[in-house]
Amino acid sequence: MSALPETPAPNPLLIPSTLEYELPPFAQIGTEHFEPAFEAGMAEQLAQVAQIVAQEEPATLDNTVIALERSGQILGRTSSTFFNLVSSDAGPELRRIEAAVSPLLAAHSDRIQLDAGLFARIDDLHSRRHDLDLDPESLRLVERYHLDFVRAGAGLGAEDSTRLQEINQELASLSTTFHQNLQAATEAAAVVVDDPAELAGLTTEDIAAAGQAAADRGHDGKYLLTLILPTGQPLLARLENRQTRRRLHTASVERAGSGEFDNGPVAVRMAQLRAVRARLLGYASHAAYIAANGTAGTPAAIDALLARMVEPAVNNSRSEAARIAEYAAADGVELAAWDWAYYSAKVQADRYSVDTASLRTYFELDAVLENGVFHAAEKLYGLTFALREDLVGYHPDVRIWEVKGALGQPIGLYLGDYYARETKRGGAWMNSFVRQSSLLDQWPVIVNNMNVTKPVPGEPTLLTLDEVNTLFHEFGHALHGLFSEVTYPRFSGTSVPRDFVEFPSQVNEMWALWPEVLANYARHVVTGESFPEETAKAVTDAALWGEGFRTAEYLAATVLDQAWHRLGPDEKIEDAADFERAALEKAGLADDLVPPRYRSTYFQHIFAGGYSAGYYSYIWAEVLDADTVDVFTSRGGLTRANGDEFRQKLLSRGGSVDPMAAITSVLGREPRVEPLLRRRGLLG
């Protein structure tokens, strides 16, 4: 008797997860499930939209806008899972699928937002919104949907609408190309070292990890220095061999700048298309289009902030350069960009008695996370974190915690994925697998990603001070997602203007060196001794050292972003590198010793992320952050009263309220820029 053919397993993406908090069933999801799920999800949502449009009844909140909020759940479930995996653990097949579906998703979005019948219902509802006795969140939902559709081109004529759709699809494809080029170029640019003597200055653990990384990529007996996303590579501060420093720096700044993975032409084409699209939609530039939907409002407002910072930042960086050059000259070295971090660390160690490299022995990953990040959240908000080893992540390195409130009430799930790997994009970020919404009865499932070098088995994971700050920063984003208490998914968590989204995360960085928190997590990994009080004071005193460099490199990247996105639709760019250099020279930020934090060809934020014309958001949000930190400190710092107020008035509200109204309610007044200028040493 012949065996019956096996019945194929159902696609797990087509139905809601039965796991707690609707955590995706990663063990059941295969790459073969994504394309059918995307196809089914788009078809389902288009059918749901058609039903909304076909109704004979006049538009109401329930039958139009809330119906849209409920639509597309298969597509939403598939997209959130897929794009998280593309960022965190993407092999060749996922990358192929990404390239295939990105333009399809752009076209799908256009089919909805450019649907004349759908917009007519939204427009009608919007015109009557003040007569409908709507609660504040529902009123804001109607207003935001209307604005979203208008900004997407809903009012365009047929010819312009067709052109807009073509542009959106090409931009989606180009963004995927940029991302994939960068990932491939970053992998290819990793520096292979033959002799461990060339790694002098690194710890034995660092060298062992480099050896393991080399072996993992087929370079047995050698050592591999992999790259992180920004220009500055952390190892440059410790590598004693100047040639190794030069090789590592050069690999970083030349990434994706030529050859097979050249992102220069991709950046040029994307900037030109964005300029054309902005003009179609009635804006002078893409930068103006983006600013109009943020708290900045206009490019002029951005310029006003930058104008207060460029000159003092450049002056500070030049002063730092002069001091650093003296140290380099003592070694017979004429200071170059690849020497800056190394000799800057020496200046800092002498001036403030702080050897930042040696601090790593006090910052073990799990201790920083559990006794630092989680501890601060417990003190501020009453949260508890229970490791759920019974729940499976998308990669063996992923851990999952269940988060509960002060009364034991469920909050959501927090996933931590901290190690670098070949299949993960660079940088650090927060994202959502499930967004909170009382309308859909969903609790948040949040993930934080970092790119910490994984040690060899049996060795501790030691963090730099910058990585400690990054861990606190990204958890600030996670709190924004976890604390969401909104009705509509459109407003959930971090669904706020781009120039506001970094604010809560930057505020959370204040607890990294808060004395009570630092004392709880900073212990020597071997001896268990506490972080010395005099070292903690020295670290705080040393905070301004290097701020000129950090501010200037950030401002240079911000200027590049604005320059690319203030182009007119008829302006032609022949060469990305030439354009970049000219933009920096015009702004007074062209300094070979202080390259931009991101050069154009690896500026993922603006060409393969959500920050196009929005990289200024970090400094814009830091204005709010610095002011809030001052207020928190004056009100007692790490207290439940401060935490509960910040949660109730701001973190829990997501995009359901005007963000500036939320921050004003926390501060009790309008924000001030002076705390930021003082923090960065820019007051003179």
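Checking each residue of the stretch 210-232 against the condition of being touching a Gly at 6+ places or on another chain (Cβ under 6 Å), of a type outside the set (D, E, K, R) and at pLDDT below 95 gives at least one match.
Residue 650 meets the conditions (1) within 20 Å of the chain's Cα centre (by Cα); (2) of a type in the set (A, V, I, L, M, F, W, C); (3) more than 30 Å from residue 405 (Cα to Cα) in every case but one. The failed one is (3). Of all residues in the stretch 533-586, those satisfying the criterion of being modelled with pLDDT under 95 and of a type in the set (A, V, I, L, M) are 536, 538, 539, 542, 543, 544. Exactly one residue out of 313, 284, 300, 336 is under 24 Å from residue 547 (Cα atoms), of a type in the set (Gly, Ala, Ser) and surrounded by fewer than 19 Cβ atoms within 10 Å (Cβ to Cβ), and it is 336. Flag: residue 110 does not match the condition of being outside any helix (DSSP H, G or I) and without any contact (Cβ under 8 Å) to a residue 60 or more places away in the chain.
Table: residues versus (1) buried (at least 22 other Cβ atoms within 10 Å of the Cβ); (2) touching a strand residue (DSSP E or B) at 6+ places or on another chain (Cβ under 7 Å).
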position: 243; (1), (2): no, no
position: 251; (1), (2): no, yes
position: 254; (1), (2): no, no
position: 260; (1), (2): no, no
position: 264; (1), (2): no, no
position: 278; (1), (2): yes, no
position: 292; (1), (2): no, no
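When the test is whether a residue is aromatic (Phe, Trp, Tyr) and over 21 Å from residue 426 (Cα atoms), residue 283 passes it.
If you go through the stretch 636-653 and keep only what is surrounded by fewer than 15 Cβ atoms within 10 Å (Cβ to Cβ) and within 16 Å of residue 503 (Cα to Cα), you end up with just 648.
Entry remark, the stretch 469-488: residues being within 20 Å of the chain's Cα centre (by Cα), over 18 Å from residue 414 (Cα atoms) and not polar (S, T, N, Q) number 0 in total.
Go through the stretch 127-139 residue by residue and tally those that are in contact with a Leu (Cβ under 9 Å, 6 or more places away or on another chain) and either in a helix (DSSP H, G or I) or under 20 Å from residue 437 (Cβ atoms) (or both). The qualifying residues number 5.
Per the listing 652, 612, 665, 656, the residue uniquely more than 30 Å from residue 184 (Cα to Cα), among the polar types (S, T, N, Q) and part of a loop (DSSP other than H, G, I, E, B) is 656. Entry remark, the stretch 615-649: residues being of a type outside the set (Phe, Trp, Tyr) and part of a loop (DSSP other than H, G, I, E, B) number 5 in total.
The listed residues are 273, 305, and the only one of them that is assigned by TED's automatic domain parsing to the domain that holds residue 683, surrounded by fewer than 19 Cβ atoms within 10 Å (Cβ to Cβ) and modelled with pLDDT under 95 turns out to be 305. Taking the conditions (1) crowded, with 23+ Cβ neighbours inside 10 Å; (2) under 29 Å from residue 404 (Cβ atoms) in turn, residue 520 satisfies each one other than (1). If only residues of the stretch 272-324 that are over 30 Å from residue 155 (Cβ atoms) and charged (D, E, K, R) are counted, the one that is farthest from the chain's Cα centre (by Cα) is 323.
Within the stretch 203-229, being in a loop (DSSP other than H, G, I, E, B) and surrounded by fewer than 21 Cβ atoms within 10 Å (Cβ to Cβ) holds for 203, 217, 218, 219, 220, 221, 222, 228, 229. The residues in the stretch 385-397 that are farther than 18 Å from residue 467 by Cα and either in contact (Cβ under 8 Å) with a residue 24 or more places away in the chain or not assigned by TED's automatic domain parsing to the domain that holds residue 444 (or both) can be counted, and the count is 7. Condition check for residue 591 on (1) in the same structural domain as residue 292 (by TED's automatic domain parsing); (2) in a helix (DSSP H, G or I): one failure, at (2). Is it the case that residue 416 is among the small types (Gly, Ala, Ser), assigned to a helix (DSSP H, G or I) and under 24 Å from the mean Cα position of the chain (by Cα)? The answer is no for residue 416.
This table checks each residue for (1) in a loop (DSSP other than H, G, I, E, B); (2) surrounded by fewer than 16 Cβ atoms within 10 Å (Cβ to Cβ); (3) among the basic types (Lys, Arg).
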| site | (1), (2), (3) |
| --- | --- |
| 87 | no, no, no |
| 94 | no, no, no |
| 100 | no, yes, no |
| 103 | no, no, no |
| 120 | no, yes, no |
| 145 | no, no, no |
| 148 | no, yes, no |
| 156 | yes, no, no |
| 159 | no, yes, no |
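For the stretch 27-38, the criterion of a residue being over 16 Å from residue 74 (Cα atoms), of a type outside the set (D, E, K, R) and buried (at least 17 other Cβ atoms within 10 Å of the Cβ) is satisfied by no position. Within the stretch 239-294, the only residue that satisfies the criterion of being of a type in the set (Asp, Glu) and within 30 Å of residue 355 (Cβ to Cβ) is 240. Of the residues making up the stretch 172-202, those that are assigned to a helix (DSSP H, G or I) and either out of contact with any Asp or Glu (no Cβ under 7 Å at 6 or more places or on another chain) or crowded, with 16+ Cβ neighbours inside 10 Å (or both) number 21.
Listed here are the residues, each with its yes/no results for (1) over 17 Å from residue 484 (Cα atoms); (2) aromatic (Phe, Trp, Tyr).
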{"position": "370", "(1), (2)": "yes, no"}
{"position": "399", "(1), (2)": "yes, no"}
{"position": "402", "(1), (2)": "no, no"}
{"position": "414", "(1), (2)": "no, yes"}
{"position": "420", "(1), (2)": "yes, no"}
{"position": "461", "(1), (2)": "yes, no"}
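Only one of (1) aliphatic (A, V, I, L, M); (2) modelled with pLDDT under 95; (3) over 22 Å from residue 353 (Cβ atoms) is not met by residue 479, so which one is it? Failing condition for residue 479: (2).
Quick grid of which residues meet (1) loosely packed, with under 15 Cβ neighbours inside 10 Å; (2) in contact with a helix residue (DSSP H, G or I) (Cβ under 7 Å, 6 or more places away or on another chain); (3) among the small types (Gly, Ala, Ser); (4) within 29 Å of residue 383 (Cα to Cα):
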position	(1), (2), (3), (4)
606	no, yes, no, no
609	no, no, yes, no
627	no, yes, no, yes
634	yes, no, yes, yes
655	no, yes, yes, yes
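Residues in the stretch 422-433 that are farther than 19 Å from residue 484 by Cβ and either part of a strand (DSSP E or B) or not assigned by TED's automatic domain parsing to the domain that holds residue 466 (or both): none.
Okay, residues lined up against (1) of a type outside the set (D, E, K, R); (2) touching an Asp or Glu at 6+ places or on another chain (Cβ under 8 Å):
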position: 614; (1), (2): yes, yes
position: 628; (1), (2): yes, no
position: 645; (1), (2): no, no
position: 648; (1), (2): yes, no
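The values are calculated or read from the model by the stated rules, or taken from the named source; none is laboratory data. The shown structure was predicted, so the numbers you read here are calculated from the model rather than taken from an experiment. So basically every Cβ, Gly included, is an ideal-geometry build from the backbone, and we count neighbours across all protein chains shown.
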